[in-house]
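Taken together, the values in this text are just the output of simple stated rules run on the coordinates, not laboratory data. Treat the numbers as computed from the prediction; the structure is a model and nothing was measured. Heads up, the Cβs are rebuilt from the backbone with ideal geometry, glycines too, and the neighbour counts pull from every protein chain shown.
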Amino acid sequence: MSLSQMLKSWLSGLEEQYSGCLYAKDSISLLLLLKKVLSKVLVPEETEKEVAKAASEGVVVYAIKQQSQLNTLIIREAAASHGFPRPSFAHDTNMLFWQPFGKCLRTILAFLLLPLSRSRSSEPLPRAFVRKSVRRGESVIVHLGMSELTPNRQVEDGLSQLLYAQWEMDRPVLVLPTLVTYGRRRDMERESLINILFGQTEGTGTLRRVITFFRYSNKASLLCAKPVNLREFLAENQELSREEMIDRLRGDLIERIDEEKTATVGPILKSRQEMISLVLKDEKVQQAIEQRGAENRKGYESALKEAKRYLNEIASNYSEMFIELWDKVLGWLWNNIYDGVIVDRDGMTKVRNLSKKMPFVVVPCHRSHIDYLLLSYVFYKHNIQMPFIAAGTNMLFWPLGAVFRKSGAFFLRRSFRGNELYGEVFNGYLNVLLKEGLPIEFFIEGGRSRTGKMIMPRYGLLSMIIQAYASGACEDLAIIPVYLGYDRIVEEKAYLKELGGEQKQDERATDVIKSGKILRKRFGHVYVNIGEPILMKSYLESQEQTYDDMPTEERQRLYRKIGYEIVLNIDKVSVVTPFSLLSAGFLWSDRRGISVDDLLEVLGHFRDYLQARKVRFSETFGDMNKAVTNALGLFEESNLISRVGDEEDLPEEGEEAVYSLPEENRLNLEYYKNNILHFFVPASFLAASVALHREDVLSLQEIMEDYRFFKKMFRHEFIFDDRVDDLEEIREVLFYLSQKGMVAIGGGEAGGIASIEVKGKGKRNLVPFAGLIRNYIESYWVVVRACAYLVQGRLPDKDFLKKIRGLGERMYQKGEIRRSEALSQSNYANALRFLEDMGIISVVEETVKGEKRPVRYWSISENRTALEGLRRRLFRFL
């Protein structure tokens, strides 16, 4: 081939050589400068699925909000490394510097030579190339010019060519709204120099974007929203002119990108002082300040200073630096002390989608101090904006109080009673958070559960949030229940001391330092599951009365109803772990040890029942034998149980290993048994009723009476769903037992159940289910017996509880109760509440000289009939 022919061949095809062309081959400049950092950009699983789905349905077009060489390169690199459709062209973006050297020269020649051979009436070729590329089935990148309110000829031309391409082809064109985030910094309304250099990059110049990207390249993410199908778009907008179509398409794509950004980093954040100023301008807060000034006769300025003092105590001081610090600390924690966090991915997608549409409030259960930052960490890793966390003022201890505040915590006092100004100021702060579209997190139980069960909901903060919503703080609000669970918790020993009667100690920084011993232990996995969200707009619309028309009592009922729905939803999505199931397997009996075969048999019965109820099991249950073996190993390693060995002295019974559970360790396991006990409650109540009767045939009426007795007695122990009929609950359990061959159901009128007959090993197999609540029966028995101390006269709360604990210890030593976990301060307290509800005992508060708080005094009712009836009935179950 002659030189002229080679030159002619090399120059051919220049009409498709543009500065926006992208090639599979990397340029030297790309390899030297950016290739390594581009490969660090994270592509979430949800984005991978979204792009793959779009690619299977049509031609993929990536739409970014701002013209950007860097974002174009990020999309190109992600496409290459994740198998996405590779973009071949970036409209209105000069990528010349990043093209391979030979291609770069051809692009320059095309720029110089082609205009000479093109008539003035010709259509601009770069614009037409978008249309041509898409018609060939190639992916391209278009930008949207930041705002649909700002006219941009290049943007309009690019979108116009996409629409023309779709008109001319049958295969759908899917435009993916694409967001590149450089780190997770929120945009600030008034930006500091640091945020200008290292903040988000929307609407910024190239230098700032590049600086930020290099600073946060390992935290940068590529996110894609739901695509716009242009074939469907054209069909739905036929009546519009071409210009109107382009405007609508541009606006729709920008809106979807903005929603992704809001879901990821949240809305623009005001400074702490600006938030405080907004609260102080609130009309109700102003009225409260004026009222306080009039009451204390010190005037408005004095009351204003008091309100500011409260706000300085309450308000968060969110700092991105601390979020990044916690990312490193907690990442190390979950992978060194724990074996990782197992997350409900579908639930996270649900939260993310909701966060695009409305402010949300996450309401987790509360098991550990680690909870305060666990959810923020998980949201951070799943590209969800992090919530502002309500924490008690007990967490303001130095120096972690300041750290928590910088991490998004805001603080509230345990009680607002007698301080109307504080209450209005706090309400005002909640109002501002919701008006600004910021997510909130709070623990509906108030404090950490020391027992492993859900604590009855507290309605104070919930009611304030609902009031803020109802007053117009936001158009809609999602309340999202969240289950946080641990194979084992780091506060285990502290909880055991409190359950044994010791006073709760205030949090101190030294406690955290002393807990360094935990760094040498392993605590299994952490679990995060998302419950069914409550959407306040539709929820309130479904009520018989509007919120504004509800009297105070009706509103209180509404708060209680929503509170119970939240905790029921948390219970519903709680997870069965090998540790919780194994704890139940050890504690159903009062024996000191159990053989491996017996243990596996009982665990099999428990697992079958839970599976029938469609309860969630942890991922570690893929192989039950392996899961149980691993859990046994961790229990042994922690000296909770010990392996006795093979029973070589009993060859006729075979060689069988036995695990021994020391009495002093039963309360440790009780915590983890309680994590899943709510799933067993209906079956345990029924099993306890069956175990009570010696006859094999029981009437349904007898079972129902016992069931309702337990439900009434344990109303403060377990959270019952009042929407489910008692009879229906029992029927479900009986049908399960019937399928397993444990009972035969005797029919009654209209196909109902009249009686049951226990069959074969039915009673033996039901004993473990009854055993799961036996310690609660024993605890209540102790308190019923302790009521005799009140016959001689009333007793202060502290003295009465001391007598109850002493009586429990003596009854345990004498064998009148057989389970050490029954000696629980929490169980005793709930039993006292039940007896108070029954009118058997009563409590009054009196002010006593020398005491900081009112003293509670317990006394017994003069009518002892109810107490005697309860004592006799309870004794039957022992």
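Details
- Other residues whose C-beta falls under 14 angstrom from the C-beta of Thr865 contribute a net charge of +2, scoring Lys and Arg +1 and Asp and Glu -1.
- Alpha-carbon centroid distance for the pair the stretch 816-870 / the stretch 266-336, whole angstrom: 40
- Residue (of Leu179, Ser160, Ser147) at the positive-pole extreme of the stretch 132-188, dipole from beta-carbon charges: Leu179
- Neighbour-count ranking [beta-carbon atoms within 10 angstrom, fewest first] of Val783, Val743: Val783, Val743
- Extent along principal axes [Cα atoms of the stretch 774-876; Å; largest to smallest]: 42, 28, 21
- Exposure proxy shown here: for His82, His143, the number of other Cβ atoms within 10 Å sets the order, fewest to most, as His82, His143.
- With a cut-off of 13 Å between beta carbons, the residues surrounding Asn312 carry a summed charge of +3, where Lys and Arg count +1 and Asp and Glu -1.
- The angle separating the long axis of helix 865-876 from the principal Cα axis of greatest extent in the chain is about 80 degrees.
- Degrees, to the nearest 10: 125-135 long Cα axis against longest axis of the chain: 50
- Separation of alpha-carbon centers, the stretch 412-436 and the stretch 559-614, rounded to whole Å: 39
- Along the stretch 722-739 the Karplus relation, 6.51 cos²θ - 1.76 cosθ + 1.60 evaluated at θ = phi - 60°, assigns HN-Hα couplings of 5, 6, 9, 5, 4, 4, 5, 4, 5, 4, 4, 5, 5, 5, 5, 5, 5, 5 Hz to successive residues, with x for each Gly and Pro.
- Residue ranges 127-138, 855-866 sort as 127-138, 855-866 when ordered by packing (mean number of other C-beta atoms within 10 Å per residue, highest first).
- Karplus (6.51, -1.76, 1.60) ³J(HN,Hα), θ = phi - 60°, over the stretch 94-107, in Hz, Gly and Pro reported as x: 7, 9, 4, 4, 9, 7, x, 3, x, 5, 4, 4, 5, 5
- Acute angle (nearest 10 degrees) that the helix 320-336 long axis makes with the longest principal axis of the chain, alpha-carbon atoms: 60
- Dipole magnitude of the chain about its Cα centre (Cβ charges: Lys, Arg +1; Asp, Glu -1), debye to nearest 20: 2480
- Separation in nanometres of the label points that stand 7 Å from Cα toward Cβ, at Lys561 and Lys226: 3.0
- Part-to-part distance (alpha-carbon centres) for the stretch 230-254 and the stretch 347-387, which is given in Å: 35
- Taking other residues whose beta carbon is less than 11 angstrom from the beta carbon of Lys561, and scoring Lys, Arg as +1 and Asp, Glu as -1, yields +1.
- Peptides 790-801, 587-598, 568-579, ordered by how many other C-beta atoms sit within 10 Å of their residues on average, highest first, read 568-579, 587-598, 790-801.
- Hydrodynamic radius (Kirkwood) for the chain, which is based on Cα pairs only, to one decimal in Å: 31.7
- Distant alpha-carbon pairs in the stretch 123-185 (separation over 19 angstrom), percent: 38
- As a rough footprinting exposure proxy, the listed residues Asp706, Asp721 were ranked by other beta carbons within 10 Å of their own, and the order from fewest upward is Asp721, Asp706.
- Spin-label model distance (nm) - Lys802 vs Arg856, 7 Å beyond Cα toward Cβ: 1.7
- For the stretch 170-179, 3J(HN,Hα) computed residue by residue from phi via the Karplus equation (6.51, -1.76, 1.60; θ = phi - 60°) reads 7, 5, x, 9, 10, 9, 8, x, 10, 10 Hz, glycine and proline entered as x.
- Label positions at Glu239 and Glu57, each projected 7 Å from the Cα along the C-beta direction, are separated by 2.5 nm.
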